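Here is the structure we will look at, set down as structure tokens.
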Amino acid sequence: MPHCMNPGIIHKSLTNLRLQQKKAFAVLVDPDKVTIPHMATIAALCNDALVDYVFVGGSLMVSQHLDQCIKAFKSNSDIPVILFPGSPSQISRYADALFYLTLISGRNPELLIGAHVVSAPMVKASGLEIISTGYMLIDGGTATTVSYMSHSTPIPHDKDDIALCTALAGEMQGKHVLYMDAGSGAKQAISESMIRCVTSQTSIPLIVGGGITEPEKAYLNCKAGADVIVVGNAIEKDSSLIKEISSAVHQNNVNV
Ligand code: 1GP
């Protein structure tokens, strides 16, 4: 039996964050923006900065080296790798788990169920730990690749109540985690007010990303209730931010 729907080790680690009021930092790696030799450097930086998770994926995947990217990372690090797929083709058995995304902020049936049906046999056969994820796009002040590719309208930046109701629906549908994303390279990251509103009434882990470029913002988002902070774009531009943002996120764990 390669996989069952019981919570796996990664899901448990995410749930424990919320239970123990600890915060985690995830680095997002887009395979289209790295070379295989560069993965060893990324792994070393992540190891050194005590990064908790590495997410791998992108809205588009033009390159064909997803497996090699993950293998190169895994041979240099024990940090769990979770697939964050932009499409059903982005599956690799070398990862530790898969965010099984449902775009609950959108009304595109393909991303609510269609793509899942088509990819179900492949996902099942992968043997990956499946983390059922309520994925919510929040307007980040610019047209992001993910909103274009998903044919969906993001939740307005200041509509905390819509985000809350969407998150509640996701939790009651049985999603393991929620992922609120302003989209890669967003001009405006998700507000603390929205994070606070969502976490005040939901109890599953909340991952927050999109447009986070500074340690201070990561720290504040955690304070507001985010369990995992994910950063991709800013780190691609300045890899020294891995350590700085990781420290800021983990600062929330000092007095727990
Ligand atoms: C995007 O949440 C991730 O899906 C990360 O966004 O690349 O803007 O950090 P950034």
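What part of the accessible area of region 9-253, given as a whole %, is carbon or sulfur when the probe is 1.4 angstrom? Don't jump to the answer; show the numbers that get you there.
Details: 5840 of 10450 Å².
Exposed carbon and sulfur together represent 56 percent of the surface.
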Probe 1.4 Å - accessible area at LYS217, Å² to nearest ten: 50 Å²
Quote the accessible area belonging to ILE82 in square angstrom, nearest 10, computed with a 1.4 Å probe and with ligands, DNA and RNA left uncounted. 0 Å²
If you stretched the chain out fully between SER89 and SER75, how much longer would it get, using 0.36 nm times the residue separation minus the C-alpha to C-alpha distance? 2.7 nm
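Rg/Rh for the chain to two decimals, with Rh computed the Kirkwood way over all alpha-carbon pairs.
Across the chain, the Cα-based Rg/Rh ratio is 0.92.
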Can you list the lysines whose alpha carbon is less than 18 Å from that of LYS217, not counting same-chain residues fewer than 8 positions off? LYS22, LYS23, LYS187, LYS237, LYS243
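As a test of the formula, what do you get for the chain when each DSSP H run with n ≥ 4 contributes -39,500 (n - 2.57) and the sum is divided by the residue count, at 222 nm and rounded to the nearest 500 deg cm²/dmol? Spell out each step's value before the answer.
Numbers: 10 runs with 100 residues, N = 256.
Result for the chain: -11500 deg cm²/dmol, rounded to the nearest 500.
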Using a 7 Å offset from the Cα along the Cα-to-Cβ direction at both ALA143 and GLU214, what is the distance between the two label points in nm, to one decimal? 2.9 nm
Quick one: what does P(r) look like for region 113-256 with 10 Å bins over all Cα pairs, in whole %? 12, 38, 36, 14, 1
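Given a Förster distance of 35 angstrom, what is the FRET efficiency for ALA169 paired with ALA125, based on the Cβ-Cβ distance and rounded to 0.05? All intermediate terms of the calculation are to be shown ahead of the outcome.
Details: r = 30 Å, r/R0 = 0.85.
About 0.70, to the nearest 0.05.
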Sticking with the crude label model, points 7 Å out along Cα→Cβ, report the distance from ILE36 to GLN64 in nm, one decimal please. 1.2 nm
To make sure I understand the rule: partners must be aspartates and glutamates, Cα under 12 Å from the Cα of LYS71, and not fewer than 8 residues away in the same chain. Which ones qualify? ASP96
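Expected output is a single nm value to one decimal: the length gained when fully extending between LYS237 and THR153, i.e. 0.36 nm times separation in residues minus the C-alpha distance. What is it? All intermediate terms of the calculation are to be shown ahead of the outcome.
Details: separation 84, 0.36 × 84 = 30.24 nm, distance 2.78 nm.
In short, 27.5 nm is gained.
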For region 9-253 the mean separation of alpha carbon contacts under 8 Å (6+ apart) over residue count, i.e. relative contact order in percent, is 21 percent
When every protein chain stays in place and a 1.4 Å probe is rolled, HIS65, HIS38 sorted by accessible area with the largest first are HIS38, HIS65
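The values are calculated or read from the model by the stated rules, or taken from the named source; none is laboratory data. What you are looking at is a predicted structure, and each value in this text was computed from that prediction instead of being measured. Cβ: placed from backbone, ideal geometry, glycine included. Neighbour counts: every protein chain shown. Accessible surface areas use protein heavy atoms only, side chains included; no ligands, DNA or RNA. Shrake-Rupley method; radii C 1.70, N 1.55, O 1.52, S 1.80 Å.
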